[in-house]
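Only the coordinates and a few stated rules stand behind these numbers; no lab work does. Since the model is a prediction, treat every value here as computed from it, not as a measurement. Cβ coordinates were reconstructed from backbone atoms using ideal geometry, including for glycine residues, and neighbour counts include every protein chain displayed.
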Amino acid sequence: MVDVTLPSLGESVTEGIITQWFKKVGDAVARDEPLFEVSTDKVDSEMPSPAAGVLVQILADEGDTVETGARVAVIDENAVAGSAPSPSIAPSPSGEPTFAAAKPTVPAGPSATASGEGANGVVVSPVVRRILSDGGVEPSTIRGSGPGGSITRRDAERAVASGPTEEVVVPLSNGRRRMGQHLSVSAQTTPHGFVAIEIDGAVFGELERLGRTTRDGVAITDEMVVSLAAVRALAEFDYLNATFQGDELVVHRTVNLGFMRHVADEGMLVPVVHAAAGLTLRALARRVSELGDRLKSRQLTTDDLMGGTFTIVGAPTEHTLWVEPIIIQPEVAVLSVGAVRLVPVVTTANGEHSIEVGRRLVLGLSFNHRICEPVSAANYLERVAELLAGMDLESER
């Protein structure tokens with residue numbers, strides 16, 4: 001005979017509720033085959049059989065609360081499946097062994113242990129009880145779908161949720177599937193590095209003062225201003241304006257600037273401003289605006305999406321500090337622009353420190369470690385910051 005006991009179920013767990021027996025008395029059971037299910041306030045688990053044989057006695061009904069280490073069943077390793085249950089040996093008051101008939105398993109009902117019952121007498125496991133309690137739902141209001149009318153976890157989740165709990169299968173669009181495949185290849189084949197710095201954004205206060213439109217009436221965004229400085233800084237860090245062709249690095253003399261754009265049903269697209277080097281802020285704003293209009297009207301051409309050599313990722317929301325983007329192959333770097341924020345800034349004058357309101361934003365650079373390292377990446381970002389600080393917006397716009 002082999003005693004089946006409730007094993008230790010984890011630190012601080014001293015008891016569990018038998019929620020389901022997978023075998024009944026007289027059934028054959030294989031070693032390590034799931035024998036019963038136990039529920040605690042931490043987890044629901046299937047307990048494997050410790051031996052092969054026939055289940056001859058069940059000592060804890062479904063719904064019973066059992067302490068860890070307690071006997072819950074007996075397996076006869078020599079019995080034949082389907083035969084009459086073997087008697088179990090129990091000590092008599094005199095110390096002589098006596099024989100007791102096997103205790104058949106019965107569905108949990110009003111006689112189940114009180115700590116495992118709901119108000120209507122059905123079994124409620126600790127996990128289910130916690131879900132219902134947190135959701136403010138009375139067990140007596142639920143019709144359980146488990147064994148003997150017990151309330152399952154799904155029953156509890158459905159009762160607490162404000163809507164259906166069933167999973168919804170959403171097929172990916174072709175655009176999102178292609179985007180995922182392309183970026184997965186980039187992440188797996190490119191040794192990515194990332195550096196971010198916080199910079200002074202006083203230039204954006206000047207932009208507010210002058211007005212956020214060009215002389216032609218085209219809107220100017222923070223992203224456009226940073227992009228102009230980013231393009232000009234590439235003249236000194238030309239290895240970042242490059243693409244890989246096999247194992248060869250091709251450094252481009254023309255900057256074709258990509259702008260990552262969200263598209264509701266396609267994930268994202270990257271329209272490209274070709275020959276961006278040498279453009280004024282006014283000209284860059286017009287080109288970006290034209291691409292944006294074609295994106296909204298779904299009139300982008302293949303040429304609008306091809307040939308990028310360096311990419312900009314703008315702040316997706318006004319609260320975004322930074323984005324750590326994946327490099328768009330075959331490029332070697334992508335610049336992320338955080339949202340411009342008003343923050344307290346410590347200033348020093350004549351040895352005295354004071355706090356004033358200032359504008360700050362975070363610039364980040366994802367780079368290919370084959371052509372760059374963190375020091376060079378940070379130096380590039382510092383140069384972008386210097387060009388921003390010295391930008392003459394009045395003439396640029």
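Residue by residue, region 175-187 carries 3J(HN,Hα) couplings of x, 5, 5, 5, 4, x, 5, 5, 6, 5, 4, 4, 5 Hz when phi is fed to the Karplus relation 6.51 cos²θ - 1.76 cosθ + 1.60 (θ = phi - 60°); x denotes Gly or Pro.
Computed from the C-beta positions of Asp3 and Val168 and an R0 of 41 Å, the FRET efficiency is 0.35 to the nearest 0.05. Here the Karplus curve 6.51 cos²θ - 1.76 cosθ + 1.60, taken at θ = phi - 60°, turns the phi angles of region 325-331 into couplings of x, 8, 5, 7, 5, x, 5 Hz, with x standing for Gly and Pro.
Placing dummy labels 7 Å off each Cα toward the beta-carbon, the span from Arg143 to Arg209 is 7.3 nm.
Take Glu198 and Phe22, extend 7 Å from each Cα along the Cα→Cβ direction, and tell me the distance between the two endpoints in nm. Going from the Glu198 label point to the Phe22 one covers 5.5 nm.
Proximity of backbone amide H atoms, modeled 1.01 Å from N, is registered between Ala315 and Val337 at under 5 Å, excluding neighbours fewer than 5 places apart on the same chain.
Each residue of region 344-360 was assigned a 3J(HN,Hα) from its phi angle through the Karplus expression (A = 6.51, B = -1.76, C = 1.60, θ = phi - 60°), giving x, 10, 8, 10, 10, 9, 6, x, 9, 9, 8, 10, 9, 7, x, 9, 9 Hz with x at Gly and Pro.
Take the Cα of His369, step 7 Å toward its Cβ, do the same at Thr347, and the gap between the two points is 4.2 nm. Taking amide H atoms as placed 1.01 Å from N in the peptide plane, the amide H of Gln57 lies under 5 Å from those of Val74, each 5 or more residues away in sequence or on another chain.
Amide H contacts under 5 Å for Ala70: Leu6, restricted to partners 5 or more places along the chain or on a different chain, H placed in the peptide plane at 1.01 Å from N.
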